[in-house]
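Colleague: Pasting a structure below so you can have a look.
The values are calculated or read from the model by the stated rules, or taken from the named source; none is laboratory data. What you are looking at is a predicted structure, and each value in this text was computed from that prediction instead of being measured. Reconstructed Cβ throughout: ideal geometry from the backbone, glycine too, with neighbour counts over all protein chains shown.
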Protein chains: 2
Amino acid sequence: MEIEVEKPLIFALIDQGEKNQLAERLETWLPAELAELCADLSTQEQALVFSLIDREQAYQTFELLDLNAQVLLLDALRNRQVQLILNDMSADNRTALLEQLDSEQLNKLLKLLTQKERRVALSLLGYPEDSIGRLMTPDYIAVNQDWTVREVLDYIRRVGEKSETLDVIYIVDDMGYLMDDINIGDILLADDDQPVKELLDGKFTSLLVTADEEVAVNAFSNTTRVAVPVTDAGGLLLGIITVDDVLDLAKKEDTEDIQKIGAVEALEDPYMDVGLGEMLRKRAPWLVVLFIGELFTASAMGFFENEIAKAVVLALFIPLIVSSGGNSGSQASTLIIRALALGEITIGDWWKIMRREIITGALLGLILGLLGFVRVGVWNVFTELYGQHWLPIGLTIGLSVAFVVLWGTVMGSMMPLLLKRLGADPATSSAPFIATLVDVTGLIIYFSIAALLLTGSLL
Amino acid sequence: MEIEVEKPLIFALIDQGEKNQLAERLETWLPAELAELCADLSTQEQALVFSLIDREQAYQTFELLDLNAQVLLLDALRNRQVQLILNDMSADNRTALLEQLDSEQLNKLLKLLTQKERRVALSLLGYPEDSIGRLMTPDYIAVNQDWTVREVLDYIRRVGEKSETLDVIYIVDDMGYLMDDINIGDILLADDDQPVKELLDGKFTSLLVTADEEVAVNAFSNTTRVAVPVTDAGGLLLGIITVDDVLDLAKKEDTEDIQKIGAVEALEDPYMDVGLGEMLRKRAPWLVVLFIGELFTASAMGFFENEIAKAVVLALFIPLIVSSGGNSGSQASTLIIRALALGEITIGDWWKIMRREIITGALLGLILGLLGFVRVGVWNVFTELYGQHWLPIGLTIGLSVAFVVLWGTVMGSMMPLLLKRLGADPATSSAPFIATLVDVTGLIIYFSIAALLLTGSLL
């Protein structure tokens with residue numbers, strides 16, 4: 001694609017209002033290219049582009065725009081164009097757009113839809129947000145099990161253009177209950193007079209319309225189909241979910257998880273499109289919460305002020321001790337958050353996980369604790385910092401690191417499970433959140449061990 | 001699916017070696033259900049199950065198993081079964097499996113393939129690892145542009161069963177160069193005697209066979225097709241990439257990023273399947289590196305030992321100051337890592353990003369710095385901790401927090417870009433990594449400000 005080369009020319013033509021030349025140039029552009037162009041244009045300029053491209057380009061390009069850009073563009077386009085685009089759009093993308101609008105805008109747009117499309121839109125909007133029902137499309141091909149292969153093929157010729165996929169055909173009974181899904185290949189290969197009933201093997205996976213949309217991502221990991229049917233609890237076929245929508249969904253969910261792990265509220269727009277005010281609203285609250293949590297470290301250390309005054313050397317190792325706990329906790333929580341999201345573990349495994357993490361944490365603690373001890377021992381050869389008490393100081397550091405790492409690992413692995421058990425998002429137990437939690441307790445562990453080993457010598 | 005209910009019965013039948021009853025029960029199971037069953041069975045028991053299910057179930061179930069399980073199972077199955085499964089498997093999944101083997105195993109398996117399948121396997125293995133070439137499948141339908149619709153439909157009937165998708169048909173010239181891709185719907189709707197050439201619009205997106213597989217994920221975000229064609233640099237059609245493979249890939253890449261953000265080397269298997277030894281190998285090195293990094297905090301603080309001895313109150317705020325920098329750094333680096341992965345920003349934007357993050361970091365620092373100052377002021381009313389010097393102490397804390405947060409934010413946002421510039425994976429600049437980096441510099445900022453504001457009073 002050499003659209004980067006063509007862009008400056010297009011910008012110039014837009015500035016000069018050269019509509020005919022523009023229309024000619026844009027004629028061969030792909031929807032993806034047009035969408036990329038629109039990203040660099042004002043809403044008014046986008047509307048101009050949309051008025052010059054053909055109907056098919058228009059709705060396909062529109063579907064590729066951000067939801068925000070779609071909402072803005074709707075106001076700038078002529079009513080007739082809005083009507084064409086809305087009616088041409090796939091039902092699931094249209095539902096995503098309509099969700100973004102307030103009720104007044106929504107009503108205005110619904111009036112532009114044909115009666116049939118309006119019914120579809122309203123029924124999809126009737127399902128809970130983030131449910132399979134919002135994600136599904138009613139544009140699929142369902143045929144009666146009593147039809148012959150010839151009747152099915154004729155039917156596909158008549159209505160197939162609007163279907164989101166022709167790879168899979170859905171077979172229903174007279175009442176519309178799903179009997180099976182079957183590959184188009186099996187139909188094309190069969191004899192023209194054969195009833196499709198004879199092609200069924202009764203093996204299919206279906207999703208419940210009210211289930212959470214997350215379920216869809218996992219369903220597709222376990223199938224080789226490009227679409228999965230959606231039914232109500234009784235088995236009535238309501239729609240299908242196609243894998244391309246699930247891909248977008250999977251990306252969106254992973255982005256949310258990653259941003260939460262980094263202690264940011266999930267951004268709704270690409271990084272560069274988020275304004276300063278919104279960026280602060282997404283970032284400041286978490287930092288403030290963590291800061292208030294960390295204030296307890298100052299309080300906790302207040303209790304040990306006398307010990308620090310007597311043995312200043314203890315203060316030197318504070319960042320080392322607390323960060324060791326924080327790092328091991330971040331590690332464990334990130335692993336568990338991801339394993340939960342991928343369905344590799346469930347809350348029911350908590351005891352198995354705890355056992356694994358206690359062993360892992362103890363060994364990691366041993367390694368780091370030894371390193372800490374050796375560090376004090378080696379430095380002692382070269383400096384006067386620790387003096388005659390280097391051995392109890394080294395032991396204090398080594399043991400504290402070991403216990404803090406064990407503690408951080410166990411806390412980090414259990415916190416996501418606890419949050420999930422409480423109905424919260426496990427990803428909220430972000431690395432910084434775990435680190436803050438472990439910091440306060442880590443200091444208490446450190447100074448307790450110091451009091452135990454150093455009282456009588458340094459303290 | 002009530003397979004959880006049936007499982008105990010199946011286990012019992014396996015124990016008793018009741019092959020006939022087993023075969024009867026398993027006949028109606030879906031591949032996804034069989035794969036779930038296999039996860040609970042030993043390799044020998046899995047081989048028994050595979051000997052009882054039909055050919056279609058066998059290869060579809062096999063494709064759903066982990067790569068590790070596949071490798072183990074290959075040894076346990078009879079040669080004839082291995083042959084059937086390998087030949088039936090889709091080419092991309094087979095390539096993924098063959099990649100896992102050492103050269104001796106590989107040669108043994110290649111001999112079991114038909115000549116045609118062997119040629120396909122060898123050619124796919126010839127592309128660089130993680131390239132589009134390894135991911136693509138040669139099982140697609142390509143037709144000559146001079147054919148009529150009738151010829152195309154006849155061709156699909158003959159060879160369509162083996163194609164990974166029938167949604168999209170690829171049109172090539174006499175030499176095999178890609179002319180266009182077109183929806184099956186357009187073919188079904190057209191007149192039987194029409195040449196397909198007349199159906200082309202010349203609009204298609206294709207991928208280069210040597211490009212990195214990451215490109216595929218982004219390509220599908222920008223298309224509504226279920227498959228995208230792959231060509232060489234000259235435009236010769238070599239294969240297609242289907243969206244279901246890209247879904248697995250997207251999940252895998254996100255998992256790697258998330259684990260790196262949490263300072264774990266990417267795990268190759270699900271959490272529960274990773275043994276203790278491997279778990280330590282993936283986790284200990286990063287913790288050790290971070291620990292060694294944190295050792296510099298002790299060294300840095302060694303320089304300020306006198307200051308701490310004179311003003312122990314300074315030590316109390318050390319965890320607060322360093323963690324504020326770490327948290328804001330984690331936030332910024334996570335945002336940038338994700339935006340890079342999604343293609344929302346590029347290295348070229350570094351100056352725009354830096355400007356944004358300096359402003360954001362300054363404002364975040366202002367908020368947290370004020371909080372820190374207020375904390376000291378309020379405590380001063382209730383305790384004797386700060387005495388007459390509460391104001392300079394409060395200013396020291398507030399200013400240090402503000403500067404450390406600004407510093408952490410800028411470092412956190414620039415480090416992923418720097419790593420990417422150096423050809424490393426940006427996700428390596430994990431939250432703990434940034435935190436460690438900021439800890440050392442944060443302490444220096446803190447004690448420098450303290451020296452500036454408190455010399456003459458406390459110091």
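Colleague: Which residue is surrounded by the fewest Cβ atoms within 10 Å (Cβ to Cβ), if the candidates are limited to the range A:1-51 and must be assigned to a helix (DSSP H, G or I) and small (G, A, S)? Outline the logic, then answer.
Modeller: Taking the range A:1-51 as the starting set, the residues that turn out to be assigned to a helix (DSSP H, G or I) are A:3-16, A:19-26, A:31-39, A:43-51.
Okay, now just the ones that are also small (G, A, S), so A:12, A:23, A:32, A:35, A:39, A:47, A:51.
Working: A:A12: 12, A:A23: 15, A:A32: 20, A:A35: 20, A:A39: 15, A:A47: 19, A:S51: 15.
Among those that are assigned to a helix (DSSP H, G or I) and small (G, A, S), it is A:A12.
Colleague: Sort out which residues of the range B:205-246 are over 22 Å from A:A227 (Cβ atoms) and in a loop (DSSP other than H, G, I, E, B), and write them in order of number.
Modeller: Across the range B:205-246, the qualifying residues are B:S206, B:V209, B:T210, B:A211, B:E213, B:D232, B:A233, B:G234, B:G235.
Colleague: Scan the range A:122-132 and give yes if some residue there is crowded, with 19+ Cβ neighbours inside 10 Å, at pLDDT 80 or above and in contact with a strand residue (DSSP E or B) (Cβ under 6 Å, 6 or more places away or on another chain), otherwise no.
Modeller: For the range A:122-132, residues crowded, with 19+ Cβ neighbours inside 10 Å, at pLDDT 80 or above and in contact with a strand residue (DSSP E or B) (Cβ under 6 Å, 6 or more places away or on another chain): present.
Colleague: Just checking, which of A:G348, A:G361, A:G343 is farther than 21 Å from A:G423 by Cα and either touching a residue at least 12 places away in the same chain (Cβ under 8 Å) or more than 7 Å from every other protein chain (Cβ to nearest Cβ) (or both)?
Modeller: Details: A:G348 fails: farther than 21 Å from A:G423 by Cα; A:G343 fails: farther than 21 Å from A:G423 by Cα.
Just a single option satisfies the conditions, and that option is A:G361.
Colleague: Which count do you get for residues in the range A:247-288 that are more than 17 Å from B:G262 (Cα to Cα) and either in contact (Cβ under 8 Å) with a residue 24 or more places away in the chain or in a loop (DSSP other than H, G, I, E, B) (or both)?
Modeller: Keep residues of the range A:247-288 that are more than 17 Å from B:G262 (Cα to Cα), which gives A:247-253, A:265-288.
Filter once more, so that each one left must be either in contact (Cβ under 8 Å) with a residue 24 or more places away in the chain or in a loop (DSSP other than H, G, I, E, B) (or both): A:249-250, A:253, A:265-270, A:273-275, A:286-287.
Count: 14.
Colleague: Continuing with the same structure: Can you give me the number of residues within the range B:273-285 that are within 7 Å of chain A (Cβ to nearest Cβ) and surrounded by 15 or more Cβ atoms within 10 Å (Cβ to Cβ)? I'd like the intermediate steps shown before the answer.
Modeller: Looking only at the range B:273-285, we keep the residues that are within 7 Å of chain A (Cβ to nearest Cβ), and these are B:276, B:279-280, B:283-284.
Narrowing further to those that are surrounded by 15 or more Cβ atoms within 10 Å (Cβ to Cβ): B:279-280, B:283-284.
Going through the range B:273-285 one residue at a time, the tally reaches 4.
Colleague: Tell me whether the range B:292-313 contains one or more residues that are in contact with a Ser or Thr (Cβ under 9 Å, 6 or more places away or on another chain), free of Cβ contacts under 8 Å to residues at least 60 places away in the same chain and either at positive phi or crowded, with 20+ Cβ neighbours inside 10 Å (or both).
Modeller: no
Colleague: What is the one condition in (1) closer than 20 Å to B:W350 by Cα; (2) in contact with a Phe, Trp or Tyr (Cβ under 7 Å, 6 or more places away or on another chain); (3) among the polar types (S, T, N, Q) that B:S400 does not satisfy?
Modeller: Every condition holds for B:S400 apart from (1).
Colleague: Residues being in a helix (DSSP H, G or I) and either out of contact with any helix residue (DSSP H, G or I) (no Cβ under 7 Å at 6 or more places or on another chain) or among the aliphatic types (A, V, I, L, M) (or both): count how many of those fall in the range A:350-386. Steps first, answer last, please.
Modeller: Quick first cut of the range A:350-386, residues in a helix (DSSP H, G or I) only: A:350-382.
With the extra rule that they be either out of contact with any helix residue (DSSP H, G or I) (no Cβ under 7 Å at 6 or more places or on another chain) or among the aliphatic types (A, V, I, L, M) (or both), the set shrinks to A:351-356, A:358-359, A:362-364, A:366-368, A:370-371, A:374, A:376, A:378-379, A:381-382.
Within the range A:350-386, residues that are in a helix (DSSP H, G or I) and either out of contact with any helix residue (DSSP H, G or I) (no Cβ under 7 Å at 6 or more places or on another chain) or among the aliphatic types (A, V, I, L, M) (or both) number 22.
Colleague: Search the range B:170-190 for residues being hydrophobic (A, V, I, L, M, F, W, C) and within 11 Å of chain A (Cβ to nearest Cβ), and hand back the single one that is nearest to B:L237 (Cα to Cα).
Modeller: Here is the first cut: in the range B:170-190, the ones hydrophobic (A, V, I, L, M, F, W, C) are B:171-172, B:175, B:178-179, B:182, B:184, B:187-190.
Now restrict to residues that are within 11 Å of chain A (Cβ to nearest Cβ): B:184, B:187-190.
Values: B:I184: 18, B:I187: 20, B:L188: 23, B:L189: 25, B:A190: 24 Å.
So the residue we want is B:I184.
Colleague: How many of the residues in the range B:204-240 are among the β-branched types (V, I, T), farther than 23 Å from B:T428 by Cβ and modelled with pLDDT under 90? Before the answer, list the steps.
Modeller: Within the range B:204-240, the subset among the β-branched types (V, I, T) is B:205, B:209-210, B:215, B:217, B:223-224, B:226, B:228, B:230-231, B:240.
This time we only want the ones that are farther than 23 Å from B:T428 by Cβ, so: B:205, B:209-210, B:223-224, B:226, B:228, B:230-231, B:240.
Filter once more, keeping what is modelled with pLDDT under 90: B:205, B:209-210, B:223-224, B:226.
Matching residues across the range B:204-240 total 6.
Colleague: Do the conditions hold for A:P270, that is, is it surrounded by fewer than 18 Cβ atoms within 10 Å (Cβ to Cβ) and at the interface with chain B (Cβ under 7 Å from one of its Cβ atoms)? Can you show your working first?
Modeller: Details: surrounded by fewer than 18 Cβ atoms within 10 Å (Cβ to Cβ): yes; at the interface with chain B (Cβ under 7 Å from one of its Cβ atoms): yes.
Spelling it out, A:P270 is indeed surrounded by fewer than 18 Cβ atoms within 10 Å (Cβ to Cβ) and at the interface with chain B (Cβ under 7 Å from one of its Cβ atoms).
Colleague: For the range B:132-203, which helices (runs of 4 or more DSSP H) that fit wholly inside it have 3 or more residues that are touching a residue at least 60 places away in the same chain (Cβ under 8 Å)?
Modeller: Numbers: elements: B:132-135, B:149-159, B:184-189.
Hits in the range B:132-203: B:132-135.
Colleague: Something else about it: Restricting the search to the range B:12-39, which residues are under 24 Å from B:D269 (Cα atoms) and touching a helix residue (DSSP H, G or I) at 6+ places or on another chain (Cβ under 7 Å)?
Modeller: The first filter runs over the range B:12-39 and keeps only residues under 24 Å from B:D269 (Cα atoms), leaving B:30-39.
B:P31, B:A32, B:E33, B:L34, B:A35, B:E36, B:L37, B:C38, listed by residue number.
Colleague: In the list B:A250, B:A233, B:A339, which residue meets the criterion of being touching a Lys or Arg at 6+ places or on another chain (Cβ under 9 Å) and of a type outside the set (K, R)?
Modeller: On the way: B:A233 fails: touching a Lys or Arg at 6+ places or on another chain (Cβ under 9 Å); B:A339 fails: touching a Lys or Arg at 6+ places or on another chain (Cβ under 9 Å).
Within the list B:A250, B:A233, B:A339, the selection yields B:A250.
Colleague: Would the range B:100-108 turn up any residue that is in contact (Cβ under 8 Å) with a residue 12 or more places away in the chain, more than 29 Å from the chain's Cα centre (by Cα) and farther than 30 Å from B:V217 by Cα?
Modeller: No, that holds for no residue.
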